[in-house]
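Worksheet: the structure to be examined is printed underneath.
Taken together, the values in this text are just the output of simple stated rules run on the coordinates, not laboratory data. A quick note: this is a predicted structure, and the numbers were derived from the prediction, not measured. Please note: Cβ atoms are built from the backbone with ideal geometry, for glycine as well, and neighbour counts cover all protein chains shown.
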Amino acid sequence: MSKLTKTIEPKILIPEVKIKARVEEMGQEITNDYMGREITAICVLKGSFIFYSDILRKIDLPVSCEFLGVSSYGDKKVSSGEVKVTLDINDPLEGKHVIIFEDIVDSGLTLAYIINMIRSRRPASLRVCSLLMKPEKMRIDVQVDYVGFKIGSEFVVGYGLDDAGKFRGLPYVGYIEQGH
Ligand code: 5GP
């Protein structure tokens, strides 16, 4: 049993090796798509920090790093649709090729909010890259240009994703079995 999880050990949904391989593929895809340009990569905190640091090292382009803190759930598991900006980006984004890196798109409400906010700063281009996506739970039409894995509607943890602050350090994406 991992020392991180103490009593509850999540079940593995996406093992570490699969994440590694897919992150490498996505990094190569972004490298090919943006060849010859510099990108501004926005890490959406907190959940994306592990995905972000891994994929950045697979992108062979000049990259400027920005961090955006948002909180949409508190400790609840259903999106409120209300997004609180906990850390804003200070540098101008006007004229930049911006990619937003998300951990997971569930209802899409958080992402829609972030896209509107970034668009108002007039970047030259804007795309979204998300490690995970739950197509069955989407409540709004938002485009995600790079998707790591499409999953079902289960609540997942690990690889940066938490459950009330726990499990972020797990190397895999897992879920907690009912009854815990
Ligand atoms: P949305 O607004 O798309 O419903 O939710 C987006 C945010 O909710 C994500 O950035 C993430 O912080 C959180 N979230 C959505 N689904 C999950 C999940 O299955 N597990 C965890 N840990 N967080 C989730």
request  = Return the distance in nm (one decimal) between the two label points of a simple spin-label model at S71 and N90, each offset 7 Å from Cα along Cα→Cβ.
outcome  = 2.1
ask   = How high is the relative contact order of the stretch 16-154, in percent, with contacts defined as C-alpha pairs under 8 Å that are six or more residues apart?
value = 22
query = How many nm separate the modelled label positions at Q143 and R57, each set 7 Å beyond the Cα in the direction of the Cβ?
reply = 3.2
Out-of-range pairs (alpha-carbon distance over 25 Å; input K20/K96; K11/K137; K18/K96) = K20/K96; K18/K96
request  = Would you be so kind as to identify which of I50, Q143, I89 lies farthest towards the positive end of the dipole of the stretch 16-154, taking Lys and Arg as +1 and Asp and Glu as -1 on Cβ and the Cα centre as origin?
outcome  = Q143
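Show that you can apply the helix-only estimate: for the chain, add -39,500 (n - 2.57) for every DSSP H stretch of four or more residues, divide by all residues, and state [θ] at 222 nm to the nearest 500.
Numbers: 3 runs with 37 residues, N = 180.
Computed ellipticity for the chain at 222 nm equals -6500 deg cm²/dmol.
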query = In straight Cα distance, which aspartates and glutamates are under 13 Å from K166, not counting same-chain residues fewer than 8 positions off?
reply = E9, D75
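Would you kindly state how much longer the chain becomes between R119 and K20 on full extension, computed as 0.36 nm times their sequence separation minus their alpha carbon distance, in nm to one decimal?
On the way: separation 99, 0.36 × 99 = 35.64 nm, distance 3.06 nm.
Stretched fully, the R119-K20 segment lengthens by 32.6 nm.
Round to the nearest 0.05 the FRET efficiency obtained for E9 and E154 when R0 = 25 Å and r is the Cβ-Cβ distance. Walk me through the numbers before you get to the answer.
On the way: r = 16 Å, r/R0 = 0.63.
The calculated FRET efficiency here is 0.95.
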